[in-house]
Amino acid sequence: MLRSAPRGVTLAVRVQPGAKKTAITGVYGDGENAQLKVAVQAPPLEGRANAALAAFLAETFSLPKNAVELLSGESGRSKVFLLQGVTLMEAESIVRARV
């Protein structure tokens, strides 16, 4: 789910767009293929869900919005984000506290 990267950490996410509220809902899969499950209120239209998810991750990890970058999965439910300026230990601690 979380991996160290040169500019921060990467986070694998499984998104559920069009939900009643935006929130972390658990973990999808296990082991190296685990993904953080996140429900997003925004619909999957014109990148709205991606933008809402990026904003939610920025808020969750106390980062500026421009420090969250979508690396892959623009049109799918499985996505990988780069969280710049956060260490692996910090990210793991935040995820553990929210799951």
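The values are calculated or read from the model by the stated rules, or taken from the named source; none is laboratory data. Given the structure is predicted, the values throughout are model-derived calculations rather than measurements. Cβ sites come from the backbone with ideal geometry, for glycine too, and all protein chains shown count toward neighbours.
Looking at the stretch 11-20, which of the residues that are hydrophobic (A, V, I, L, M, F, W, C) and within 9 Å of the chain's Cα centre (by Cα) is surrounded by the fewest Cβ atoms within 10 Å (Cβ to Cβ)? Restricting to residues being hydrophobic (A, V, I, L, M, F, W, C) and within 9 Å of the chain's Cα centre (by Cα), the top hit is A12.
Would a scan of the stretch 52-65 turn up a residue that is in contact (Cβ under 8 Å) with a residue 40 or more places away in the chain and touching a Gly at 6+ places or on another chain (Cβ under 8 Å)? Checking the stretch 52-65: not a single residue is in contact (Cβ under 8 Å) with a residue 40 or more places away in the chain and touching a Gly at 6+ places or on another chain (Cβ under 8 Å).
Determine whether A42 is under 12 Å from the mean Cα position of the chain (by Cα) and either aliphatic (A, V, I, L, M) or surrounded by 12 or more Cβ atoms within 10 Å (Cβ to Cβ) (or both). Answer is no for this residue. Report yes if G8 is modelled with pLDDT of 95 or more, surrounded by 14 or more Cβ atoms within 10 Å (Cβ to Cβ), on the phi > 0 side of the Ramachandran plot and not β-branched (V, I, T), otherwise no. Here the answer is yes, as G8 does meet what is asked. Please work out which residue is nearest to V95 (Cα to Cα), limiting yourself to the stretch 22-41 and to residues that are at pLDDT 95 or above and in a loop (DSSP other than H, G, I, E, B). Of everything passing the filter in the stretch 22-41, A34 is nearest to V95 (Cα to Cα). Considering (1) assigned to a loop (DSSP other than H, G, I, E, B); (2) within 16 Å of V99 (Cα to Cα), the lone condition that E46 does not fulfil carries the number (2).
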